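Take a look at the structure set out below.
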Amino acid sequence: MSIHISAEKGQIAPSILLPGDPLRAQFIAENFLENPVQFNKVRNMFGYTGTYKGERVSVMGTGMGQASLSIYVNELIRDYGCTKLCRVGTCGGLTKDVKVRDLIIGMSASTDSAINQIRFQGMDYAPAPSFNLLLKAYNAAMARKMPVHVGKIISSDSFYTEDPDQWKLWARFGVIGVEMEAAELYTLAAKYGVEALCVLTVSDHLVTGEATTSAERELTFKSMLEVGLEAVLSK
């Protein structure tokens, strides 16, 4: 066991999907994995391991924000040996080319958080994913004829900001989606020498104002989940 995860050694697969919402983790386990077994419910952050296309795969919630994700990802890699980690979540669209319900694969993850400024003693770091996982996810999306964009995302520490137009600066520099976790995931993967990726569904749009419901976000974004699962498979 680790501090925040109650699994025994060997209960968590090397490949794992990481939704923010623990109920989405439960949904993935019950609808995509064969014979899922729950390995964690500490703080109701549900985690499960089952099989997908004959391979062991785990799924676990991480909560909202980089601070929460950092706790679980550090322990999943360091204490349980996870080597392929794919965040599957939602984001806000920042450009007109990106539509609600489209997929975004994070090619890089900027952040307004101070977490890496502290880590790198005031210097900038450019968090990026595993190209291997990115390519597999992109190919999986294209094979399914899904609307998919590979591009820059921003991991924000604040859902509610003082400046409602702050996102426009990021959009002007080519950032296409905003979420809250990927930059820390990519940084930790680099630190530990493992692979990570972020696959997102556009749940709302800051340009058009269109949005999906919380129930739809929890239960219906199946395309993203299939792409994430394909990315972490060994073949």
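Of the listed requirements (1) in a strand (DSSP E or B); (2) in contact with a Cys (Cβ under 7 Å, 6 or more places away or on another chain), I12 misses just one: (1).
The sole residue among A114, A109 that is buried (at least 24 other Cβ atoms within 10 Å of the Cβ) and either among the aliphatic types (A, V, I, L, M) or at pLDDT below 95 (or both) is A109. Remark: pairs (first residue in the range 40-60, among the charged types (D, E, K, R); second residue modelled with pLDDT of 95 or more and in a loop (DSSP other than H, G, I, E, B); Cβ separation under 6 Å; 6+ apart in sequence or on different chains) = E55/L233; R56/A13. Restricting attention to the range 136-163, the residues being of a type outside the set (F, W, Y) and surrounded by 15 or more Cβ atoms within 10 Å (Cβ to Cβ) number 15.
For the range 21-86, the strands (runs of 3 or more DSSP E) that sit wholly inside it and include 2 or more residues that are in contact with a strand residue (DSSP E or B) (Cβ under 8 Å, 6 or more places away or on another chain) and among the β-branched types (V, I, T) are 47-52, 55-60. So for the range 132-143 (the condition being in a loop (DSSP other than H, G, I, E, B) and touching a residue at least 60 places away in the same chain (Cβ under 8 Å)), does at least one residue qualify? Scanning the range 132-143 turns up no residue that is in a loop (DSSP other than H, G, I, E, B) and touching a residue at least 60 places away in the same chain (Cβ under 8 Å). Here the range 166-201 is the region considered, the condition is being in a strand (DSSP E or B) and among the acidic types (D, E), and the residue that is farthest from I118 (Cα to Cα) is E195. Evaluating D163 against the criteria (1) out of contact with any Gly (no Cβ under 6 Å at 6 or more places or on another chain); (2) in contact (Cβ under 8 Å) with a residue 60 or more places away in the chain leaves one unmet condition, (2). The set of residues from the range 14-67 being surrounded by fewer than 20 Cβ atoms within 10 Å (Cβ to Cβ), in contact with a Leu (Cβ under 9 Å, 6 or more places away or on another chain) and among the charged types (D, E, K, R) comprises K53, E55.
Taking the conditions (1) surrounded by 15 or more Cβ atoms within 10 Å (Cβ to Cβ); (2) modelled with pLDDT of 90 or more; (3) under 23 Å from L94 (Cβ atoms) in turn, R217 satisfies each one other than (2).
Can you tell me how many residues within the range 106-127 are assigned to a loop (DSSP other than H, G, I, E, B) and within 18 Å of the chain's Cα centre (by Cα)? Qualifying residue count for the region: 4. When the range 1-39 is filtered for residues that are acidic (D, E) and touching a residue at least 60 places away in the same chain (Cβ under 8 Å), only D21 remains. For the range 89-105, the count of residues that are part of a strand (DSSP E or B), hydroxyl-bearing (S, T, Y) and surrounded by 19 or more Cβ atoms within 10 Å (Cβ to Cβ) is nonzero.
The values are calculated or read from the model by the stated rules, or taken from the named source; none is laboratory data. The model shown is predicted, which means the values in this text are computed figures rather than measured ones. Cβ atoms come from the backbone with ideal geometry, glycine included; neighbour counts cover every protein chain shown.
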